Amino acid sequence: MTKEKFQEKNRWRNIVQSKPVLVLLVLLLIAFVWSVFGLMIRMQETSKNKKIEENKIFDLMQRRDTLSVDIDSLKTEKGVEENIREKFGLTKDGEGMIIIVDDQKESNSLENEVSSNAFLSFLKKIFK
């Protein structure tokens, strides 16, 4: 090897090993690590979103199955009759209907209203 080639190699080595170049390489390494870290965070968020969407799809599939069963039941005469009874509270001739009221306050107010209406009708009958 000639002296000129050796000095040229040595000059490049000195440039590569200089402090500014090493600082630049460290900054590039930090930027790379930061990017990888950000990518990992986004990957975790994507995984969470995927699970959420899979759960939504599962719920929608269950709802579809339920609606399919409801549609199939509405295709029969019995299913239509049950649906009308449920929605409109209708009964067949000769059937009775029982209504259960849960709230005690509502029943008391209905009794008061009925008794006040009965009293008013009694007064009206007297004065006629």
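The values are calculated or read from the model by the stated rules, or taken from the named source; none is laboratory data. Predicted model, so just to flag it, every value in this text is computed and none were measured. Cβ atoms come from the backbone with ideal geometry, glycine included; neighbour counts cover every protein chain shown.
Checking the conditions here, which among Asn117, Asn49, Asn112 is in a helix (DSSP H, G or I) and modelled with pLDDT of 70 or more?
Asn49
Does Lys50 fit the bill of being exposed (fewer than 10 other Cβ atoms within 10 Å of the Cβ) and either free of Cβ contacts under 8 Å to residues at least 24 places away in the same chain or in contact with a strand residue (DSSP E or B) (Cβ under 9 Å, 6 or more places away or on another chain) (or both)?
No.
Here is a list: Ser18, Ser47. Which entry is at negative phi, of a type in the set (Ser, Thr, Tyr) and more than 52 Å from the chain's Cα centre (by Cα)? Step through it out loud before you land on a result.
Numbers: Ser47 fails: more than 52 Å from the chain's Cα centre (by Cα).
So the residue among Ser18, Ser47 that is at negative phi, of a type in the set (Ser, Thr, Tyr) and more than 52 Å from the chain's Cα centre (by Cα) is Ser18.
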